[in-house]
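The values are calculated or read from the model by the stated rules, or taken from the named source; none is laboratory data. Just so you know, these numbers come straight off a predicted model, no measurement behind them. Every residue, glycine as well, gets a Cβ built from its backbone with ideal geometry; the counts of neighbours run over all protein chains shown.
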């Protein structure tokens, strides 16, 4: 029979690739065909077809296949060594299916720690030599377990090799991290020293601000006292102005009364003047009559003459009094006008004093408010100054701890440096195979994304988007993005062949720099059941994996990054990731998760 290029066996037919390993037997138990996954799982590479029978499947015998179909569990401590079989009625023979790596891990987790079986007598010597080899390696802190062919055939050899590989890569990561910490410590110490200096400068500046605010508060207190004094003087002046206004009003009223009295006196003078005029007329008539009387009227004429003179004098006096009263009246009028003007001026001064008092009071209130604000500022500055002093103390302690951390990192590096690690992780065949698969898949994914951009199926902003919309009602959280629909179309044909390339590969997926996986493998996109434990394993798509490894697989741009970690399902796994570039721009990474056992 023709041999598949991927098979290292001679003369066997190839079964289709599937997530599980497949084996076809004839009725006598001889192996007729195998899948590539079965070759890797059962270590059939290099064996001739004549030596291949059902005993290669964990010691299976033809008599163990009872009925038309069933499940056979191999004897021993590994519960994952189980075979599902079905009889081929048409062509004869049997079709066997073996569990994939994820199903095997679930069987082992469900079974718990397995009891250590007693070794068969034929295996005791090989087991003892294997134990001695492992002891020698561990005693010398050598973590590269190189086994001869006969030791590699021991039942526990593969698990020991996987343990050594896990430990070696874990220590390699610890070494890298210790070197990174040690390289960062001097920078942290320098930054802490700078922070101490800046904190001291801040404390000094705050002390200056605190003193200035207190001086300003003291000055405002003095201004407040002066303004209160001005307010008191303005109030006193306002009272004086009101009194002067009242006095001016009274003076004006008195002058008006005097003017009225002068007017009445003028009327009296008019009467006197009229009486003097009439008396003068009478005296003239008397003089005429005395002249007519002759000598007998001489005495009467003298009296008339005197009366005329008296009337003239009275008329002259009346005229003088009228003139004086006129002058006094004019003066009183001017005085009344002046008194009214004085009253108006004093009223305006009172109004100005009132406005000035209001303004001074407003200024005083503003000064009080500013004083209260400055008191608040002073308290805040005091608190900030206290925090600054506290920060200064903390910065000093952080500087001390940073130096201690540097010493600890150096000690850690010395400790892990005791172990001798494999020079090149890719010397392990599974690491090398995972690197080759991831590199090829990353190139294919980058090309597919580039083709999608060129065809206008998606724009660059959506393809490189970092915006996530949470899908409600699902835990752990799932998200939708601008590119996950495109990934659901493009990625399965590129991811699934890698995930199914070997039974020890658990997953092969793409992740962006945030650890977001838009499209997981088919085996991890099962319908949600509502059972959190079952869905955690069965449906892992459209999640952001923000654990230590998940955050880094899509963010780095190294040639590759190999990490060992404990998955959230509890399984110890390796993760090898390779960057994905789209037209020269970094999109994320292609990551393969797998085990060594």
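For segment 557-573, give me each residue that is in a strand (DSSP E or B), touching a strand residue (DSSP E or B) at 6+ places or on another chain (Cβ under 6 Å) and at pLDDT below 90. Working first, answer last.
Kept after step one, since they are in a strand (DSSP E or B), are these residues of segment 557-573: 561-566, 572-573.
From what's left, touching a strand residue (DSSP E or B) at 6+ places or on another chain (Cβ under 6 Å): 561-564, 566, 572-573.
Listed by number, the residues that qualify are 564, 566, 572, 573.
Output the qualifying pairs, or none if there are none: Cβ atoms under 9 angstrom, residues six or more apart or on different chains, first residue in segment 352-375 and under 26 Å from residue 241 (Cβ atoms), second residue outside any helix (DSSP H, G or I) and at pLDDT below 75.
Listed by first residue and then by second, the contacts come to nothing, as the list is empty.
For (1) in contact with a helix residue (DSSP H, G or I) (Cβ under 9 Å, 6 or more places away or on another chain); (2) surrounded by fewer than 17 Cβ atoms within 10 Å (Cβ to Cβ); (3) at pLDDT 80 or above, each residue gets a yes or a no:
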residue	(1), (2), (3)
1	yes, yes, no
7	yes, no, no
24	no, no, yes
29	yes, no, yes
40	no, no, no
46	no, yes, no
58	yes, no, yes
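Please count how many residues of segment 448-471 are part of a loop (DSSP other than H, G, I, E, B) and without any contact (Cβ under 8 Å) to a residue 12 or more places away in the chain.
We begin by selecting, within segment 448-471, every residue part of a loop (DSSP other than H, G, I, E, B); these are 456-459, 464-468.
In the following step, the residues that additionally are without any contact (Cβ under 8 Å) to a residue 12 or more places away in the chain were identified as 456, 459.
Final tally of qualifying residues: 2.
Within segment 312-361, track down each residue that is within 60 Å of the chain's Cα centre (by Cα) and modelled with pLDDT of 80 or more. I'd like the intermediate steps shown before the answer.
Within segment 312-361, the subset within 60 Å of the chain's Cα centre (by Cα) is 351-361.
358 - this is the single residue of segment 312-361 that is within 60 Å of the chain's Cα centre (by Cα) and modelled with pLDDT of 80 or more.
Name the residues in segment 525-552 that are under 19 Å from residue 481 (Cα atoms) and not in a loop (DSSP other than H, G, I, E, B), would you?
As a first pass, look at segment 525-552 and keep what is under 19 Å from residue 481 (Cα atoms): 525, 539-546, 550-551.
525, 539, 543, 544, 550, 551, listed by residue number.
Determine, yes or no, whether residue 307 is surrounded by 12 or more Cβ atoms within 10 Å (Cβ to Cβ), at pLDDT 75 or above and under 24 Å from residue 279 (Cα atoms). Lay out the reasoning, then the answer.
Working: surrounded by 12 or more Cβ atoms within 10 Å (Cβ to Cβ): yes; at pLDDT 75 or above: yes; under 24 Å from residue 279 (Cα atoms): yes.
The answer is yes for residue 307.
Of 297, 326, 335, which residue is within 30 Å of residue 247 (Cα to Cα) and crowded, with 17+ Cβ neighbours inside 10 Å?
On the way: 297 fails: within 30 Å of residue 247 (Cα to Cα); 326 fails: crowded, with 17+ Cβ neighbours inside 10 Å.
The match here is 335.
Of all residues in segment 531-586, which are within 24 Å of the chain's Cα centre (by Cα) and surrounded by fewer than 15 Cβ atoms within 10 Å (Cβ to Cβ)?
Within segment 531-586, 546, 547, 548 meet the criteria.
Given (1) more than 24 Å from residue 40 (Cα to Cα); (2) touching a residue at least 24 places away in the same chain (Cβ under 8 Å); (3) touching a helix residue (DSSP H, G or I) at 6+ places or on another chain (Cβ under 6 Å), identify the lone condition not met by residue 526.
Among (1) more than 24 Å from residue 40 (Cα to Cα); (2) touching a residue at least 24 places away in the same chain (Cβ under 8 Å); (3) touching a helix residue (DSSP H, G or I) at 6+ places or on another chain (Cβ under 6 Å), the lone unmet condition for residue 526 is (2).
Residue by residue through segment 511-524, note down the ones that are outside any loop (DSSP other than H, G, I, E, B) and closer than 23 Å to residue 572 by Cβ.
The answer is 511, 517, 523, 524.
For residue 71, all conditions in the list (1) modelled with pLDDT of 85 or more; (2) within 60 Å of the chain's Cα centre (by Cα); (3) surrounded by 14 or more Cβ atoms within 10 Å (Cβ to Cβ) hold save one; what is the number of the exception?
For residue 71, the failing item is (3).
When the residues of segment 472-510 are filtered to those that are assigned to a helix (DSSP H, G or I) and under 35 Å from the mean Cα position of the chain (by Cα), which remaining residue is surrounded by the fewest Cβ atoms within 10 Å (Cβ to Cβ)? Before you say what the answer is, go through the steps one by one.
Taking segment 472-510 and keeping what is assigned to a helix (DSSP H, G or I), we get 484-490, 492-499.
With under 35 Å from the mean Cα position of the chain (by Cα) added as a condition, the list becomes 484-490.
Numbers: 484: 19, 485: 15, 486: 19, 487: 26, 488: 14, 489: 12, 490: 22.
Checking each candidate, the answer is 489.
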